[in-house]
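Okay, structure first, notes after.
Taken together, the values in this text are just the output of simple stated rules run on the coordinates, not laboratory data. All values reported here derive from a predicted model rather than from experimental measurement. Cβ placement follows ideal geometry from the backbone for every residue including glycine, while neighbour counts extend to all protein chains displayed.
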Amino acid sequence: MATASAPGKVYLFGEHAVVYGEPAIPCAIDLRATVRAQTRDDGRVRVNAEDLTFDGVTVEYAGTGESRPDIDVPDTLIDAAFGYVETAIESARTLAGDAASGIDLTIDSEIPLGAGLGSSAAVTVATIDAVSRALGTEPDRTTIAQQAYHTERTVQDGRASRADTFCSTMGGAVRVEGDDCNRIDTPRLSFGIGYDGGSGDTAALVDAVRTRRDQYQVAASTVAAIGELVRRGESALITDDRATLGELMDMNHGLLSALGVSSRTLDDMVWAAREAGAPGAKLTGAGGGGCMVALEATDEVMTALRHAPSCEQSFATTLTTTGLRREAE
Ligand code: MEV
């Protein structure tokens, strides 16, 4: 048996624009997905995914398309989640040079599915590591990050940046620009997260932004403006200038709105956090619903999020420097 865990993330800046080569800064947070892998003799793959949402559902899923899990989230989300797991297992089998062994996989995730907190990247990273080790090989982190990126790209039909998978593998705050990925030294940050209980379809949202960007020069300029803002944000992060960080997060949210990926519920939670004194707040991840992030999880911000009509769940979390972690059995 091999066990690995990997963190979710929030974007301080740059989601969507990163797909077009602009820089982005995601930060790993202390919500994790844990994966246990064990070989089995019959060559089959069985995935037992508990708590893939916060509703505490249990999923039994045996191999490709054989049986569909019966849980109350959209089919596209289930297909995506299991697409990541299956592709990650294939990737680990390739790394180990073992295409024949069966695998029992158990996933426990604290990260809501498809909500902008990097659940698929965390599950992918932890799965590749746990399965590789169950099959007798120990890839280094750079290899895991690379394979996890290829897994996301495959499942998202080529529409993925390296940001989520690199951040989940390495932990901390990272700067991603095209193929160039680096850790950034940051102060200890806390975040208030508001979750509307919904989710967005990442591939569809990335497509929608691409269409808008192709159609309107102003949308192309908006993507470039996000890149400019990320460069300013990086300096503010390094110097721990929280007022500027917050202001830039607010601006980033406005630009993402202009690209069409915010929602009424995300806007509502963003405004609740700002009015409670957060230096900045924005949606995080692909958008369309799911989670927003406010800088500083103060009591006032957390109370405001808890009472925001659109907020189904709120959590105070912190940046974690622990990326992929090999757990004791
Ligand atoms: C999704 O978490 C972030 C996007 O920028 C897509 C990606 O970077 O792959 C929307």
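General remarks:
- Computed P(r) (all Cα pairs; the chain; 20 Å bins; percent): 35, 57, 8
- Within a Gaussian network of the chain (alpha carbon springs, distance under 10 Å), most fluctuating of Ala28, Ala297, Ala99: Ala99
- Dipole of the stretch 182-329, positive direction: furthest Cα of Gly227, Pro279, Met269, with charges on the beta-carbon: Gly227
- Cleavage-rule hits, GluC sites (Glu not before Pro), the stretch 178-279, DSSP coil, Cβ neighbours within 10 Å at most 16: none
- Farthest positive-ward along the chain dipole, Cα basis, beta-carbon charges - from Ala134, Gln156, Pro26: Pro26
- For the listed peptides 180-190, 284-294, 299-309, a ranking on the average number of other beta carbons within 10 Å per residue, highest first, reads 284-294, 299-309, 180-190.
- Sparse-neighbour loop sites [GluC sites (Glu not before Pro); the stretch 79-142; at most 16 other C-beta within 10 Å; DSSP]: none
- Only Lys, Arg (+1) and Asp, Glu (-1) charged, at Cβ; the chain dipole about Cα centre in debye: 640 debye
- As a rough footprinting exposure proxy, the listed residues Asp108, Asp41 were ranked by other beta carbons within 10 Å of their own, and the order from fewest upward is Asp41, Asp108.
- Of the DSSP H helices in the chain, those with a Cα length along their own long axis of 27 Å or more and a mean Kyte-Doolittle hydropathy reaching 0.0 comprise 75-96, 217-238.
- Gyration tensor (alpha-carbon) shape descriptor, the stretch 200-329, a/c threshold 1.5: rounded
- Seen from a random direction on average, the alpha-carbon convex hull of the stretch 268-329 projects onto 5.8 square nanometres.
- Burial ranking of peptide ranges 120-129, 1-10 (average Cβ count within 10 Å, highest at the top): 120-129, 1-10
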